[in-house]
Amino acid sequence: MTTATMHSLLGSGDFDVAVTLERPASRSVAIRRLTGYSLKLYATHEYCAENEPVTSIRELSNHTLIWYIDSILDVQPLKTLSQLLPDCKATIQTNNISGHLTATKAGLGIGLLPTYIAADEPTLRELLPGDFSAQRTYWLVVPKELARLRRVQVVNELLTSIVTANPELHNSATQK
């Protein structure tokens, strides 16, 4: 398994199953919407107690935001920080969601995290619950020539069962 913030693997044919944030344009792959999810703002209780309160999106510019390293992003839905939060800049940047979660849980700042990851974290609290939520979609991508292979079907079934068993995923976003 590989995680990436670039599309380099999708064109290479060196994968059996991919989960992407963008619907690929390639005709050589079968594509289906796997699920939607929500991105929300989270911080530790300690961070909130030690810093200015956040009562509006405008106030986020006074805080440390945690997001991706913009210069290495090749995935459009991840390049949207300036659209989601105008006048805000990520001052702590990592190349993956695990880094975002780790930095947020360490109290280093405010993370934009998927609800399926952060909502059940007891050390985190959601900020601006009625004012901020960004919807995203995961797409399941399989090279057409591999779609009938048993190993591909098993992974497809597993991913579908995970989404079905996880209400934070399948109920949180609409198709784009």
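Each residue of segment 15-26 in order: what ³J(HN,Hα) in whole Hz does its phi give by Karplus 6.51 cos²θ - 1.76 cosθ + 1.60, θ = phi - 60°, with x for Gly and Pro?
Per-residue couplings from phi come out as 9, 9, 9, 10, 10, 10, 8, 10, 6, x, 8, 4 Hz.
Tell me, what HN-Hα J-couplings in whole Hz come from the Karplus equation 6.51 cos²θ - 1.76 cosθ + 1.60 at θ = phi - 60° for each residue of segment 31-42, using x for Gly and Pro?
10, 9, 5, 7, 5, x, 8, 10, 9, 9, 8, 9
Going by how many other beta carbons lie within 10 Å of each one, how would you line up Lys105, Lys144, fewest first?
Details: Lys105 18, Lys144 12.
Least to most surrounded, the residues fall as Lys144, Lys105.
Calculate, in nm to one decimal, what Ala25 and Arg125 gain on full extension: separation in residues at 0.36 nm each, minus their alpha carbon distance. Show your work: numbers first, answer last.
Values: separation 100, 0.36 × 100 = 36.00 nm, distance 3.75 nm.
Length gained, Ala25 through Arg125: 32.3 nm.
Report the gain in length on full extension from Leu159 to Arg33: 0.36 nm times residue separation, minus Cα-Cα distance, nm rounded to one decimal. Write down the numbers at each step before the final one.
Working: separation 126, 0.36 × 126 = 45.36 nm, distance 1.15 nm.
44.2 nm is the gain from fully extending Leu159 to Arg33.
Which of rounded, prolate, oblate describes segment 37-135, given a ≥ b ≥ c as roots of the alpha-carbon gyration tensor eigenvalues and a/c under 1.5 marking rounded, otherwise prolate only if a/b is larger than b/c? Please list the in-between numbers first.
Working: a/c = 1.39, a/b = 1.25, b/c = 1.11.
Taking the square roots of the gyration eigenvalues as a ≥ b ≥ c, segment 37-135 is rounded.
Roughly speaking, what is the stretch gain from Ser133 to Ala49, that is 0.36 nm per residue apart minus the C-alpha to C-alpha distance, in nm to one decimal? Present the calculation step by step, with values, prior to reporting the outcome.
On the way: separation 84, 0.36 × 84 = 30.24 nm, distance 2.26 nm.
Between Ser133 and Ala49, full extension yields an extra 28.0 nm.
Every number here is computed from the coordinates shown, using simple stated rules; none is lab data. Note that the structure is predicted; figures quoted are calculated from it, not measured. FYI the Cβ positions are ideal-geometry reconstructions off the backbone, even for glycines, and counts take in every protein chain you see.
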